[in-house]
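Reviewing the structure listed below.
What follows draws every value from the coordinates through simple rules; no lab data is involved. Everything numeric in this text was worked out from a predicted model, so none of it was measured. Cβ atoms come from the backbone with ideal geometry, glycine included; neighbour counts cover every protein chain shown.
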């Protein structure tokens with residue numbers, strides 16, 4: 001009988017140990033199945049966001065373009081050319097390098113002259129088809145075309161373009177400008193951004 005009493009506690013402890021191990025195994029399996037080996041919804045969202053950012057970088061889109069962080073405009077330095085056609089030759093010498101110029105309507109500054117080029121003005125003469133010529137350029141005596149290169153600080157705004165003191169500047173538009181010795185109406189023929197404002 002003593003032997004039987006000694007064996008029972010051992011068997012009971014072995015049985016409890018087996019149950020504990022079995023419960024631990026089941027618990028581990030449940031935890032593994034909850035974690036899963038696949039991707040959950042959060043993982044998919046993170047992967048999607050990363051792929052979108054990479055795609056935008058590859059396409060060269062800035063984050064500020066996507067979220068519209070800077071609608072106020074960007075300061076820059078521009079160089080533009082205004083061509084005055086058929087100007088009296090005497091006025092060609094009135095515009096000099098370094099002259100400040102102003103918009104004749106708003107009286108606001110439009111930059112400073114950085115270069116001047118003059119060419120003789122020409123007029124297209126047309127002929128009748130009987131003479132065998134379609135047309136000919138002939139010089140206009142005493143008249144020149146003046147191309148003035150101007151440097152100015154401007155603001156570039158997406159959808160608006162370049163503005164100088166709130167005056168929009170576009171190639172093909174005409175502007176009446178006031179120089180110290182000349183006021184004239186010319187057409188913008190070139191516009192280039194040359195750097196940042198100093």
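Details
- Peptide ranges 139-145, 51-57, 76-82 listed from the most packed, as the mean C-beta count within 10 angstrom indicates: 76-82, 139-145, 51-57
- Segment 74-195: relative contact order as a whole-number percent, Cα under 8 Å and 6+ apart: 39
- Extension gain from residue 191 to residue 176, taking 0.36 nm per residue of separation minus the Cα-Cα distance: 3.7 nm
- Peptides 17-27, 149-159 ranked from most to least packed give 149-159, 17-27, packing being the mean of other C-beta atoms within 10 angstrom over each peptide's residues.
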